[in-house]
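*Asks:* Dumping the structure here so I can ask a few things about it.
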Amino acid sequence: KDSPWQPASAEEGFEIVRRRLFEPLDPQAARERDSVAKVFRAFYAKHRSEFPAECGEGGYERRIVSAYPIHPELFDRLYSDWSTLARFQRTRGVLRLMANVIHDLWENDDKSPLIMPASVPLSTPNVAFELTRYLEEAWKPILDAEIDGASSLPLRLDNENPSFGKIRACRRAARTVFLGSAATLKSQNKGIDDRRIKLGSVLPGESPALIGDALRRMGEHSAFLYAEMGRYWFDTQASVLQTARDRIAQVTEDQWQMELLRRLREQKGRGDFAGVHIAPGSDGDVADEDRVRLVILGPEYPHTSKTEGT
């Protein structure tokens, strides 16, 4: 008998993955699961403006119960975004990836109440392979340097800032942005909304604003993180920030100082001053008279506010 075949829906995929990778819950574990779902929903409702609107509703609590111990947002990104890639198999691909993720978290005794996008250890070779195998080769060095490598930018920023370091805010945010944007980079609506980044990164009791601060800090330093209209994404093309850094590296200190003085000296007008002196060699070069003159010191005499001296 002919019967049309339909691929598993996202909700059915939750159930397939959960049954294949986890044992059934006993009554005590089921009560703990329900408690976790209630805490998360209450946290989302309390910070409603920081998260997608639906997350504080009872329906999302039921989704957490259904997907437990995996956060629904991680399933959503895999089934909605990564499944659009030609070679990514919705169920088998998610199973392979999550098996490696769960193994690594188990080996490292991770105590998080849910497995979230920010929990995915992208620095683990097996996990990284299950994702980069569907992407361009250019992603591999970016993953190591900009997202989750041993000497990556987020790790350095977390170590430099105690507030970030306490919850590894930059690393969490970077992982979540990658999982929410890499697969849809070629689409018109690329990137992931900042509220969904917080949804995939923040645990109850933590400050959602800290993830926002971490995103802004990474944006100031990252060569491959882009932000536009509240959406963030990693790209394989370096940003204008990196281009500027490369050009700066090609210019010596003497060269930029000479160029700065040249441009200043091109300014012919002197306004209401009796004279304008650009980087004079000594005070003898400025006439000692009862008239106001403008003296612009050379770049070797910088001034910083709140410091003493010249």
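*Asks:* If you average the C-alpha positions of the range 261-302 and of the range 94-152 separately, how far apart do those two centres end up, in angstrom?
*Replies:* 59
*Asks:* At what distance in nm do the modelled label points of ALA209 and LYS38 sit from each other, each positioned 7 Å from its Cα along Cα→Cβ?
*Replies:* 2.9
*Asks:* Further question on the same structure: Angle between the Cα long axis of helix 58-67 and the longest principal axis of the chain, 0 to 90 degrees, nearest 10?
*Replies:* Between the helix axis and the principal axis of the chain, the angle is about 70 degrees.
*Asks:* What number, in percent, do you get for the relative contact order of the chain if the mean sequence gap of Cα pairs under 8 Å and at least 6 apart is divided by its residue count?
*Replies:* Relative contact order for the chain comes out at 12 percent.
*Asks:* Right, here's the next one. Relative to the longest principal Cα axis of the chain, at what angle does helix 27-46 sit, 0 to 90 degrees, rounded to 10?
*Replies:* Helix 27-46 and the main axis of the chain meet at about 40 degrees.
*Asks:* On to the next question. Where does each of ASP272, ASP193, ASP110 land when they are ordered by accessible area, with a 1.4 Å probe and the largest first?
*Replies:* Ranked from most to least accessible, the order is ASP272, ASP110, ASP193.
*Asks:* Something else about it: Hey, any idea what the orientation-averaged projected area of the convex hull of the range 120-172's Cα atoms comes to, in nm²?
*Replies:* Taking a quarter of the hull surface, the average projection is 3.4 nm².
*Asks:* Whenever you get a sec, compute what percent of the accessible area on the range 6-156 sits on carbon and sulfur atoms (1.4 Å probe).
*Replies:* Answer for the range 6-156: carbon and sulfur cover 50 percent of the accessible area.
*Asks:* Continuing with this model, one more query. Tell me the angle of helix 169-181 to the major Cα principal axis of the chain, expressed in degrees between 0 and 90 and rounded to the nearest ten.
*Replies:* 70
*Asks:* Working out 0.36 nm times the residue gap between GLU107 and ASP144, then minus their Cα-Cα distance, what length gain in nm do you get to one decimal?
*Replies:* Working it through step by step, the gained length comes to 11.2 nm.
*Asks:* A further question follows. Counting other Cβ atoms within 10 Å of each Cβ, which GluC sites (Glu not before Pro) in the range 125-156 have at most 13 and sit in a DSSP loop?
*Replies:* Qualifying residues, ordered by number: GLU136, GLU137.
*Asks:* May I ask which of LYS46/LYS111; LYS111/LYS198; LYS46/LYS140; LYS111/LYS186 have a Cα-Cα span longer than 30 Å here?
*Replies:* LYS46/LYS140; LYS111/LYS186
*Asks:* Which net charge results for the neighbourhood of LEU21, defined as the other residues with beta-carbon distances under 12 angstrom from its beta-carbon, given Lys and Arg at +1 and Asp and Glu at -1?
*Replies:* +2
*Asks:* Something else now. Restricting the calculation to Cα positions, tell me the Rg (one decimal) and the Dmax (whole number) of the range 1-140 in Å.
*Replies:* When restricted to the Cα atoms of the range 1-140, Rg and Dmax are 16.2, 53 Å.
*Asks:* Rg and Dmax of the range 61-177, Cα atoms, in Å?
*Replies:* Values for the range 61-177 (Cα only, Rg and Dmax): 14.4, 42 Å.
*Asks:* Hey, another quick one. How large is Rg over Rh for the chain, taking Rg from the Cα atoms and Rh as the Kirkwood inverse mean of 1/r across Cα pairs?
*Replies:* A ratio of 1.18.
*Asks:* Moving to a separate point now. When the gyration tensor of the range 14-62 is built from Cα positions, what are the square roots of 5 times its three eigenvalues, in whole Å, from largest to smallest?
*Replies:* Computed over the range 14-62, the values are 25, 13, 7 Å.
*Asks:* Among LEU199, PHE164, TRP139, pick out the residue whose Cα is farthest towards the positive end of the charge dipole of the range 136-272, where Lys and Arg carry +1 and Asp and Glu carry -1 on C-beta, about the Cα centre.
*Replies:* Of the candidates, LEU199 comes out farthest on the positive side.
*Asks:* What does the charge add up to near ASP158, with Lys and Arg as +1, Asp and Glu as -1, over the other residues with Cβ less than 13 Å from its Cβ?
*Replies:* +4
*Asks:* What is the sum of charges, Lys and Arg at +1 and Asp and Glu at -1, for the other residues whose Cβ falls under 11 Å from the Cβ of PHE88?
*Replies:* +3
*Asks:* Go through the range 208-218 residue by residue and turn each phi into a ³J(HN,Hα) via Karplus (6.51, -1.76, 1.60, θ = phi - 60°); whole Hz please, and just put x for glycine and proline.
*Replies:* x, 4, 5, 5, x, 5, 5, 4, 5, 5, 5
*Asks:* Would you mind giving the average projected area, over all directions, of the Cα convex hull of the range 20-94 in nm² with one decimal?
*Replies:* So the Cα hull casts an average projection of 5.7 nm².
*Asks:* Measure off 7 Å from each Cα along the Cα-to-Cβ vector at THR236 and ASN126, then give the distance between these two points in nanometres to one decimal.
*Replies:* 2.7
*Asks:* Counting heavy atoms of the protein chains only and a 1.4 Å probe, report the per residue accessible area for the range 39-83 as a whole number of Å².
*Replies:* Ligands and nucleic acids excluded, the figure is 37 Å² per residue.
The values are calculated or read from the model by the stated rules, or taken from the named source; none is laboratory data. Quick caveat: nothing in here was measured; it's all calculated off a predicted structure. Every residue, glycine as well, gets a Cβ built from its backbone with ideal geometry; the counts of neighbours run over all protein chains shown. Heads up: the accessible areas ignore ligands, DNA and RNA and are worked out on the full protein's heavy atoms, side chains in. Shrake-Rupley method; radii C 1.70, N 1.55, O 1.52, S 1.80 Å.
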